1. Towards the positive end of the charge dipole of the stretch 141-198, with charges on Cβ (+1 Lys, Arg; -1 Asp, Glu), say which of Ala167, Gly155, Asn183 has the farthest Cα.
2. Cross-link candidates for Lys126: which lysines have Cα within less than 27 Å, leaving aside residues fewer than 8 places away along the same chain?
3. Under a straight-distance cross-link criterion of Cα-Cα below 17 Å, which aspartates and glutamates are reachable from Lys221, leaving out those fewer than 8 residues away in the same chain?
4. Once you charge only the Cβ atoms, +1 for Lys and Arg and -1 for Asp and Glu, what is the size of the charge dipole of the stretch 147-230 about its Cα centre, to the nearest 20 debye?
5. Taking the Cα centre of the chain as origin, sum charge times position over the Cβ atoms of Lys and Arg (+1) and Asp and Glu (-1), and report the length of that vector in debye to the nearest 20.
Amino acid sequence: MGLLEVSGLTKKFGGLTAVNEVSINIEQGSISAIIGPNGAGKTTLFNLLTGIYKPDKGTINFDGHSLIGLRPDQVNGAGMSRTFQSIRLFPGMTVVENVMVGMHSRLRISLIQTLTRLGGFNSQEKRVREKAAELLEFVGLSDKGDEVSRNLPYGDQRRVEIARALASDPKLVLLDEPTAGMNPNESVEAMSLFRRVRDERGVTVVLIEHDMRVVMGISEKISVLDYGQKIAEGSPVDIRTNPRVVEAYLGRRATAEMEAIQGEKQS
Ligand code: ADP
Ligand code: MG
């Protein structure tokens, strides 16, 4: 049985079916990718899984329980956490505070209480800070904890988001375009971070990703969405050689990239 079993999931926005009868199984301990052109419904799928949108149809079973009707905080409490396509840190808060935010579902006292208490350093706050520091070390930012988040380079902000997503001790983490905006070196480093999330912390990973080196480099299974529908699924080799995928996505992308390169040459 999979850790996450999605069946027939459907979401319409007016006349547009953003996610159309999508079924996906995610095995415990796996690394999977969801790919597809812009507007294919990838982020909407994550929003359905995490309780931001309610599906019009379909089932979501996670760790043996249905998630339908749960709020995002309840989904997080059930063991699923995520990062966002557009970074959503509290820009004025420090890096360590942003990671502490991710632990709130595990805390008895509120974060605001923790952050605003004058004096007094209770054992819970100490544990929270220690854990945040450990997570920052894990993502390679141990010396950045006291920096204001907005001052960090983009790639580092994405790492903070991953640390925050891990702070609730999830079973599954959903990463929405985690290497967007990274340079090629940063993407390669991020790839090894995603692998360590699974290998060292035992967290199952699903990522939406455009960088084909990352997708082909770490995914055990790739699911391809196009116009809201899953059009293919399989190993990296299956996907790379699937004519439908090449036509719908890899081909179009390659064509667009070629045109961009030619455009640069001409200008
Ligand atoms: P992807 O992440 O694959 O690029 P999205 O899931 O963001 O695609 O979007 C899929 C489609 O659903 C797009 O056509 C998008 O415009 C539409 N869409 C997404 N969210 C909403 C919304 N809240 N209201 C209306 N349309 C939406
Ligand atoms: Mg998206």
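1. The Cα lying farthest towards the positive end belongs to Ala167.
2. Lys144, Lys171
3. Here the aspartates and glutamates satisfying the reach criterion relative to Lys221 are Glu5, Glu27, Asp176, Glu177, Asp199, Glu209, Asp211, Glu233, Asp238.
4. Using only the charged Cβ atoms, the result is roughly 220 debye.
5. 640
Throughout, read-outs are computed from the coordinates displayed, never taken from laboratory work. All figures in this text were calculated on a predicted structure; none of them were measured in a lab. Ideal geometry is used to build each Cβ from the backbone, glycine not excepted, and the neighbour counts take in all protein chains shown.
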